[in-house]
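J.: Take a look at the following structure, please.
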Ligand SMILES: [Cu+2]
């Protein structure tokens, strides 16, 4: 049994949580001898999905979703728009996952890979009644289908859980993974990478879903944790390309003080350095298609040296890791990136597109629409960086379109010959 540090939330979150205790389990000092893998939610077998849904419903019943929403809201300026963003959200997700495991120890937080249906998110199964529901209903924007159908919330006011898609019936496009990989390839420092991801691929999903999802209390919606698990996975993949990224951070916090691995994370008061490896002590997880951090040997401060022993990574990762370990110059992540040109994602997106618009099979993909300066500023985001990311994603989508046109032309020519 984990020991709870019960925090009386009244002082921080006001009346709403005054009577209830929001559990803050301490991070364990080591990991069990098992591999805990976070998977794509659509790859979960039905019984695992049902277990996950049962757990989050129980968390909701206990008022914990309100606790997460209010906590995130109250310190929002400290954890967005600066170098606490990645580490703090990793810790926050782990907090959520540990509370999940209080209810059912065998359940892991899955991620929502919005890159699969980036072009037409409304066709994403995750946004249907079979998973976590889509748009709120007309009028009051209440989510009426899926795992959170007719959920209420008590923070910041008593209401239903809401979503309101950006364009009425549509969220607009998200980022294709090829553009995300462009950012992974070009960013050198943590600060660069954080700013480019936060002000690009991350923001557009919050804006697209709208309603509670575009507010600072978005963690009242379970989908927040699955979206941020995807963001965390993207960070983990970028880290896996250079071992130093598991040890060092850079940039500044909200008070313009430098962030180092010994800076403390807001609210949790643990060092940023403790959150830099997903399989480090207390975190103890890996993503199904991201190489794990090398174990203790590379960490100088091995005061807590018990890392997860990794046995059962998925095949592609295991193979890529083995290849990298055999003296190859490329990293495991490079091998994976090379194998994954996102053709599958694009094919899936195109399949849906064709299905949904029979007359426009020749239509180009559309890039996400720009986030407005007002929207960005209200969320501690960077208008100039968002504009640079918009230019990047526009360019990548144009490349994808031109390749598709060439392919079609080649196919037509072959047919004619
Ligand atoms: Cu956040």
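Values quoted throughout were computed directly from the atomic coordinates according to the rules given, and no laboratory measurement underlies them. No experiment lies behind these values; they were computed from the predicted model shown. Heads up, the Cβs are rebuilt from the backbone with ideal geometry, glycines too, and the neighbour counts pull from every protein chain shown.
J.: Just to be sure I understand the filter: pairs with C-beta atoms under 6 Å, separated by 6 or more residues or on different chains, first member in the stretch 95-107 and over 13 Å from residue 58 (Cβ atoms), second member surrounded by fewer than 22 Cβ atoms within 10 Å (Cβ to Cβ). Which pairs pass?
T.: Within 6 Å, the pairs are 98/25.
J.: Right, something else. Going by the conditions given, is residue 126 touching a residue at least 24 places away in the same chain (Cβ under 8 Å) and either touching a helix residue (DSSP H, G or I) at 6+ places or on another chain (Cβ under 7 Å) or closer than 25 Å to residue 394 by Cα (or both)? Can you show your working first?
T.: Working: touching a residue at least 24 places away in the same chain (Cβ under 8 Å): yes; either touching a helix residue (DSSP H, G or I) at 6+ places or on another chain (Cβ under 7 Å) or closer than 25 Å to residue 394 by Cα (or both): yes.
Criteria met by residue 126.
J.: Quick one: would you say residue 258 is out of contact with any helix residue (DSSP H, G or I) (no Cβ under 9 Å at 6 or more places or on another chain) and more than 30 Å from residue 142 (Cα to Cα)? Even if it seems obvious, please write down each step before you answer.
T.: On the way: out of contact with any helix residue (DSSP H, G or I) (no Cβ under 9 Å at 6 or more places or on another chain): yes; more than 30 Å from residue 142 (Cα to Cα): yes.
Yes: the conditions hold for residue 258.
J.: When residue 277 is evaluated against the numbered criteria (1) under 30 Å from residue 146 (Cα atoms); (2) part of a loop (DSSP other than H, G, I, E, B), which criterion, by number, is the only one it fails?
T.: Result: residue 277 passes all but (1).
J.: Something else about it: Would you mind stating whether residue 91 is within 19 Å of residue 213 (Cα to Cα) and either within 16 Å of the ligand (Cβ to nearest atom) or surrounded by fewer than 20 Cβ atoms within 10 Å (Cβ to Cβ) (or both)?
T.: Values: within 19 Å of residue 213 (Cα to Cα): no; either within 16 Å of the ligand (Cβ to nearest atom) or surrounded by fewer than 20 Cβ atoms within 10 Å (Cβ to Cβ) (or both): yes.
Here the answer is no, as residue 91 does not meet what is asked.
J.: A further question follows. Of all helices (runs of 4 or more DSSP H) completely enclosed by the stretch 41-83, which ones contain at least 3 residues that are within 16 Å of the ligand (Cβ to nearest atom) and under 18 Å from the mean Cα position of the chain (by Cα)? Steps first, please.
T.: Values: elements: 46-61, 64-74, 76-79.
Per the criteria, 64-74.
J.: Let me ask something else about it. If you check residue 167 against the conditions, is it without any contact (Cβ under 8 Å) to a residue 12 or more places away in the chain and away from the ligand (no atom under 16 Å from the Cβ)?
T.: Details: without any contact (Cβ under 8 Å) to a residue 12 or more places away in the chain: yes; away from the ligand (no atom under 16 Å from the Cβ): yes.
It is true that residue 167 is without any contact (Cβ under 8 Å) to a residue 12 or more places away in the chain and away from the ligand (no atom under 16 Å from the Cβ).
Here's the yes/no breakdown for (1) more than 16 Å from the ligand (Cβ to nearest atom); (2) part of a helix (DSSP H, G or I):
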residue	(1), (2)
205	no, yes
219	no, yes
225	no, yes
228	no, yes
245	yes, yes
250	yes, no
255	yes, no
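J.: Going through the stretch 180-203 one residue at a time, which ones are closer than 21 Å to residue 131 by Cβ and either away from the ligand (no atom under 16 Å from the Cβ) or free of Cβ contacts under 8 Å to residues at least 12 places away in the same chain (or both)?
T.: Initial filter on the stretch 180-203 (closer than 21 Å to residue 131 by Cβ): 201-202.
Those that are closer than 21 Å to residue 131 by Cβ and either away from the ligand (no atom under 16 Å from the Cβ) or free of Cβ contacts under 8 Å to residues at least 12 places away in the same chain (or both): none in the stretch 180-203.
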